[in-house]
Amino acid sequence: MVEKTCAACDCKLDEGSIKVKIGGKTVEVCCDECAQKLKEASSSSKRG
Ligand SMILES: [Zn+2]
């Protein structure tokens, strides 16, 4: 068994995890706040 962790804050994920698509990849986060962080990070890195 592989334990999943939040892509933003590295905390453990349970059944309440949120899937978010970043640059064509689907990652899982623990909460909506972390999803927003990832989205902002990815959009700011490919500006232009
Ligand atoms: Zn998180």
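Please treat every number below as a calculation from the coordinates, not as lab data. Computed from a prediction, not measured in an experiment: that's the story for all the values here. Here the Cβ positions follow ideal geometry from the backbone for every residue, glycine too, while neighbour counts run over all protein chains shown.
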Can you give the angle from 0 to 90° between the axis of helix 32-45 and the longest principal axis of the chain, with both taken from C-alpha atoms, to the nearest 10? 30
Loop-exposed GluC sites (Glu not before Pro) per DSSP, neighbour cap 10 Cβ within 10 angstrom, longest uninterrupted part of the chain: 16-48
Pairs of lysine residues in the chain - Cα separation under 13 Å, sequence separation of 8 or more or cross-chain: 6
State to the nearest 20 debye the size of the charge dipole of the chain about its Cα centre, where the only charges are +1 on K and R beta carbons and -1 on D and E beta carbons. 400
Computed [θ] at 222 nm, deg cm²/dmol, the chain (DSSP H ≥ 4; -39,500 (n - 2.57); rounded to nearest 500): -9500 deg cm²/dmol
Starting from the Cα gyration tensor of the chain, take the square roots of the eigenvalues, sort them a ≥ b ≥ c, and report rounded, prolate or oblate (rounded when a/c is under 1.5, otherwise prolate if a/b is larger than b/c, else oblate). prolate
Give the residue from S44, I18, A8 lying farthest towards the positive end of the charge dipole for the chain; charges sit on Cβ (+1 for Lys and Arg, -1 for Asp and Glu) and the dipole is referred to the Cα centre. S44
